[in-house]
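Here's the structure we're looking at; comments come further down.
The values are calculated or read from the model by the stated rules, or taken from the named source; none is laboratory data. Please read these numbers as outputs of a predicted model, since none were measured by experiment. Cβ placement follows ideal geometry from the backbone for every residue including glycine, while neighbour counts extend to all protein chains displayed. Ligands, DNA and RNA are excluded from the accessible area calculation, which covers all protein heavy atoms including side chains. Shrake-Rupley method; radii C 1.70, N 1.55, O 1.52, S 1.80 Å.
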Amino acid sequence: MIKLFIFDLDGVLASTSEEHFTAWKEVIKDKFNLDVEDFVEEKTKGVSRIESLNRILETYDLEVSKSVKEDLANIKNEKYKELISAFNENNLFEGVKELFEFLKKENILIALGSASKNGPSLIDRMKIKKYFDFVVDPGPLKSKPHPDIFNEAMNHFNLKPNECIGIEDAISGVKAIKKAKMIAIGIGNKDVLKQADYIYESISKIDYSFLETLIKDNYE
Ligand code: B16
Ligand code: MG
């Protein structure tokens, strides 16, 4: 029986994975006069701010000192915050509130399992904070694809992996859920999120009768 759903934020509840990548593209263009290509976006999804930067630098064989990296990460965060400064409940993806209402009716706990330090302020501004029974602080934890963020939510409620479902849009996030031995629902492209147990194009496409069955089944 499922008792907890752990939601990723960027790319699952709102479009903010795009704003994260736009901010990185601007930072790298300004610093190195280089256009980061679209295929790099997936590498930056779900991983921490500094790991996203490391992955971009690695892709283009760029080497910079630790302090320059820290500066770039800070500039990126300021740009990102500027890009989402007008975000409000209208930026929530279609079907998110309805899904939360459905889960509440089924007495399912809801946790936020985002790698983003901007997550708490964003859910506040999008007026969905009230639905969350727990918000994981990613600060001290190892970033996805490590399972720590998902384990933290599970442990907070003293649950077992087979009582939890994780919902993710990133390859690193799906890997983290599977390492935590939970059911993974992927949101996005089925050719990309191959490791997920179930894949939907978006939150609004999730089939509630299927979820009802999934919640009630016993998984070992
Ligand atoms: P911040 P998620 C992740 O959020 C983003 O996908 C990733 O691109 C970003 O680097 C990471 O949060 C850290 O975000 O810089 O705001 O702390 O997808 O796990 O909700
Ligand atoms: Mg995400």
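Could you pull the accessible area for residue 49 with a 1.4 Å probe, rounded to 10 Å²?
Solvent-accessible area, nearest 10 Å²: 70 Å².
With each pseudo-label sitting 7 Å past Cα toward Cβ, what's the residue 101-residue 142 distance in nm, one decimal?
Result: 4.1 nm between the two label points.
Between residue 1 and residue 86, what is the label-to-label distance in nm when each label sits 7 Å out along the Cα-to-Cβ direction?
Distance between the two pseudo-spin positions: 4.7 nm.
Between residue 68 and residue 194, what is the label-point separation in nm under the 7 Å Cα-to-beta-carbon projection?
Rounded to a tenth, the inter-label distance reads 3.6 nm.
Which ³J(HN,Hα) values, rounded to whole Hz and listed in residue order, are derived for segment 142-154 from phi using the Karplus coefficients 6.51, -1.76 and 1.60 in 6.51 cos²θ - 1.76 cosθ + 1.60 with θ = phi - 60°, glycine and proline given as x?
5, 5, 4, x, 5, x, 3, 4, 6, 5, 4, 5, 4
For the chain, what is the accessible area per residue in Å², given a 1.4 Å probe and the full set of protein chains? List each step's numbers first, then the result.
Values: 10850 Å² over 220 residues.
With the other protein chains kept in place, the chain gives 49 Å² per residue.
Could you check how much of the accessible area of segment 1-71 is carbon and sulfur, as a whole percent, using a 1.4 Å probe?
Numbers: 1490 of 3400 Å².
Taking all protein chains in place, segment 1-71 shows 44 percent carbon and sulfur surface.
Let's test this: bin the Cα-Cα distances of the chain at 10 Å from zero up to the farthest pair and state each bin's percent.
Per 10 Å bin, starting at zero, the Cα-Cα P(r) for the chain comes out as 8, 35, 36, 16, 5, 0 percent.
Among bridges DSSP assigns within the chain, what percent are antiparallel (round to 5)? Provide the component values of the computation, followed by the final result.
Details: 1 of 19 bridges.
Antiparallel: roughly 5 percent of the beta bridges in the chain.
From the square roots a ≥ b ≥ c of the eigenvalues of the alpha-carbon gyration tensor of segment 132-220, which class results: rounded (a/c under 1.5), prolate (a/b over b/c), or oblate? All intermediate terms of the calculation are to be shown ahead of the outcome.
On the way: a/c = 1.74, a/b = 1.21, b/c = 1.44.
Oblate, because a/c is 1.5 or more while a/b does not exceed b/c.
Past the 19 Å Cα-Cα mark, which pairs from 97/190; 142/205; 45/81; 97/129; 104/190?
Details: 97/190 24 Å; 142/205 31 Å; 45/81 17 Å; 97/129 11 Å; 104/190 28 Å.
Over 19 Å Cα-Cα: 97/190; 142/205; 104/190.
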